[in-house]
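Have a look at the structure below, then the notes.
Laboratory data are not the source of any read-out in this text; all were calculated from the coordinates shown. As the structure is a prediction and not an experimental result, all values here were calculated from the model. When we count neighbours, we look across all protein chains shown, and the Cβ atoms used for this are built from the backbone with ideal geometry, even at glycine.
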Amino acid sequence: MKKTALIFGVTGQDGAYLSKFLLKKRYKVYGVKRRSSIINTQRIDDIYKDINYKSNFKIFYGDLTDASSILNLIKNVKPNEIYNLAAQSHVKVSFEVPEYSAEVNGLGTLRILEAIRSLNLEKKIKFYQAGTSEMFGRTKGKFQNEKTPFHPVSPYGVSKCFAHWITKNYREAYGIFACNGILFNHESPIRGETFVTKKIIQALVKIKKGNQKKLFLGNLYSKRDWGHAKDYVEAMWKMLQQNKPNDYVIGTGKTFTIKDFVNRAAKKIGFKLEWIGKGINEKGVNTENKKVIVECRKRYFRPLEVDYLKGNASKAKKLLNWYPKMTIDDLIEEMVVYEEENNNDKY
């Protein structure tokens with residue numbers, strides 16, 4: 001008998017990759033999306049076109065701010081597995097809409113767990129909660145693992161800490177098979193355009209094509225642990241295949257600055273950059289024509305910055321037999337190829 005999965009946030013990067021991963025595993029996949037006046041299913045449109053998946057993939061409307069829609073969805077679908085990937089996930093935006101970020105990211109998770117409990121499905125549903133390395137924030141240390149204390153420095157990070165702890169609470173109080181995946185930065189060609197990796201690749205490709213003049217960034221020296229979303233959704237699934245629920249850090253164990261990422265992407269696209277100036281005045285110059293193509297702007301700095309993140313996924317490697325397959329250069333190459341093939345916009 002086929003397993004059934006219910007994915008909140010199915011139209012996002014992770015939701016799209018997870019849907020395709022589970023369909024290949026012969027799951028029935030039910031996705032949940034918010035009602036919007038804008039059609040935003042482009043990441044999963046190819047699933048509808050694949051005749052092999054048509055009967056096993058359906059989309060429902062629902063919202064993490066609406067407890068009744070969550071309850072009715074779970075009641076009607078009765079899934080074997082629930083993946084909560086829905087969130088207001090942009091860190092800088094969370095400072096501008098902190099209440100909404102808390103409502104969706106924090107209380108939204110609680111609503112799913114409470115629906116499972118109130119429907120007496122504690123022993124029938126396995127639940128995955130998407131955590132984030134932003135929960136660690138300014139925690140000191142050479143790396144972060146499951147024992148590292150949280151010190152979030154954004155409303156996004158704080159709201160995800162609530163979701164993390166309420167997931168543990170429902171696991172311990174009601175016996176729900178509930179796992180937290182503390183995922184470090186993971187990117188892909190279908191990453192949202194406001195996220196820094198996509199912004200960098202997209203801008204540099206446009207500059208190369210003559211469709212844009214400059215790339216504007218914030219803190220060039222924030223260090224991040226970047227992996228590929230395709231690798232990370234496999235880790236999500238593996239967590240729910242274990243005999244006991246647990247929490248896992250998922251990361252590559254390697255860190256790079258924003259500036260490193262820019263340099264690697266520029267080289268792949270065909271630029272040779274020379275950096276001049278310091279601080280907010282630091283600029284990236286195209287050595288071929290001496291034009292400045294990268295600049296810093298204050299508006300892209302967060303009120304509080306997370307300077308350094310590096311994940312130690314030893315537990316996931318040992319218990320889940322999970323290892324990242326793609327390097328940062330593999331990731332950049334895939335993103336560049338996608339952007340070069342799809343980006344024809346004029347500046």
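Annotations for the structure displayed:
- Note on residue 291 and residue 41: the model spin-label points, each 7 Å out from Cα along the C-beta direction, lie 4.1 nm apart.
- Compared with the dominant Cα axis of the chain, that is its longest principal axis, helix 196-209 is turned about 40°.
- Other residues within the sphere of radius under 13 Å centred on the Cβ of residue 274, judged by their own Cβ, net out at +4 (K and R +1, D and E -1).
- Two-site label geometry, residue 103 and residue 119: point separation in nm, points 7 Å out along Cα→Cβ: 2.4
- Charging the Cβ of each Asp and Glu at -1 and of each Lys and Arg at +1, and nothing else, the dipole of the chain about its Cα centre rounds to 420 debye.
- Tensor-based shape of the range 1-93 (alpha-carbon gyration tensor, a/c under 1.5 rounded, otherwise prolate or oblate): oblate
- Cross-link pairs exceeding 18 Å between alpha carbons, from the set 24/230; 267/290; 25/317; 254/325; 24/54: 25/317.
- Between helix 13-24 and the chain there is an angle of about 50 degrees, using the helix long axis and the longest principal axis of the Cα atoms.
- At an R0 of 30 angstrom, the distance between the Cβ atoms of residue 321 and residue 151 translates into a FRET efficiency of 0.50.
- The relative contact order of the range 202-347 comes to 38 percent, based on Cα pairs under 8 Å that sit 6 or more residues apart.
- With helices as the sole contributors, the chain gives -11000 deg cm²/dmol at 222 nm; each DSSP H run of n ≥ 4 counts as -39500 (n - 2.57), and the sum is divided by every residue.
- Set 244/310; 75/126; 92/142; 140/310 screened for pairs whose C-alpha atoms are more than 20 Å apart: 244/310; 92/142
- 18 Å Cα-Cα threshold exceeded, pairs from 58/238; 3/318; 208/268: 58/238; 3/318
- Packing-based order for 297-306, 185-194, using average beta carbon neighbours within 10 Å, highest first: 185-194, 297-306
- Note on the range 306-329 and the range 180-248: Cα centroid distance 14 Å, given to the nearest whole angstrom.
- The slack in the chain from residue 276 to residue 299, taken as 0.36 nm per residue of separation less the alpha-carbon distance, amounts to 6.2 nm.
- The chain: angle of helix 155-174 to the longest principal axis, Cα-based, in degrees nearest 10: 20
- Using R0 = 45 Å, the C-beta based FRET efficiency linking residue 172 and residue 211 works out to 0.25.
- Based on Cα atoms of the chain, Rg over Rh with Rh as the Kirkwood radius reads 0.97.
- Efficiency of FRET from Cβ geometry, residue 95 and residue 337, R₀ 35 Å, rounded to 0.05: 0.55
- The mean sequence distance of close C-alpha pairs (under 8 Å, at least 6 residues apart), as a share of the length of the range 29-158, puts its relative contact order at 25 percent.
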